[in-house]
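Before I ask anything, here is the structure I am working with.
The values are calculated or read from the model by the stated rules, or taken from the named source; none is laboratory data. No experiment lies behind these values; they were computed from the predicted model shown. Positions of Cβ are backbone-derived with ideal geometry, glycine not excepted, and every protein chain shown enters the neighbour counts. These area figures cover heavy atoms from the full protein model, side chains too; ligands, DNA and RNA do not enter into them. Shrake-Rupley method; radii C 1.70, N 1.55, O 1.52, S 1.80 Å.
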Amino acid sequence: MSTVFILNGPNLNLLGKREPEIYGSDTLADVEVMCRKAAPADVSIEFRQSNHEGVLVDWIQEARETADAIVINPAAYTHTSVAILDALSAFEGPVVEVHISDVHKREKFRHHSYVSLRADEVIVGRGVQGYVDGLAWAVKKLA
Ligand code: DQA
């Protein structure tokens, strides 16, 4: 049995309501269901969201002890957080960075990602399917 943490950063609790022209109409609860359906029977999913940087750092540290891989959409912290980068660097398993939108085709400040310095795989611009693809990538890596 392996465990994959799927972590979500700030404002993703508003998915489905927030800028649907950019992020689509699925909610984060829908994304969780999609990921649980896509996960093989021997993979346990821990799906969480926080608006707080330190909480995300705590969860990444927790993953050091309890998870085999991390799939993370750090949202705005992608572009600002050395703390999240450092926490991910202390995690030994595969890390997949997911963005619903194509951050490279948006404002310039979204082009840089601290998290990409650690991520083993980066998925952008595939909508919420990016989570399922990210999970599949992590599962394959763990096999
Ligand atoms: C995002 C892209 C980020 O730039 C933005 O701050 C988000 C969501 C995405 O999933 O496309 O909140 O990570």
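Could you list the trypsin sites (Lys or Arg not before Pro) in the range 51-143 that lie in coil according to DSSP, counting only those with at most 14 other Cβ atoms within 10 Å of their Cβ?
Arg106
Give me the percent relative contact order of the chain, please, defined on Cα pairs under 8 angstrom at least 6 residues apart.
27
Quick check: Cα centre of the range 85-143 to Cα centre of the range 16-38, how many Å?
Their Cα centres are 17 Å away from one another.
For the range 1-137, state what percent of all Cα-Cα pairs lands in each successive 5 Å bin, counting from 0 Å until the bin that includes the largest distance.
2, 11, 22, 26, 22, 13, 4, 1, 0
Quick one: work out Rg over Rh on the C-alpha atoms of the range 85-143, Rh as Kirkwood radius.
Using Cα coordinates only, the ratio equals 0.99.
Full-extension gain between Asp30 and Asp58, please, as 0.36 nm times their residue separation minus the C-alpha to C-alpha distance.
Extra length available between Asp30 and Asp58 comes to 7.6 nm.
Can you give the helix-only mean residue ellipticity at 222 nm for the chain, where every DSSP H stretch with n ≥ 4 adds -39500 (n - 2.57) and the sum goes over all residues, rounded to the nearest 500 deg cm²/dmol?
Rounded to the nearest 500, the figure is -10500 deg cm²/dmol.
Now for a different question. Which whole-number value in Å² is the accessible area per residue of the range 2-142, probe 1.4 Å?
On a per-residue basis, 47 Å².
While we're on this one: Express the carbon and sulfur contribution to the solvent-accessible surface of the chain as a percent, rounded to the nearest whole number, probe 1.4 angstrom.
50
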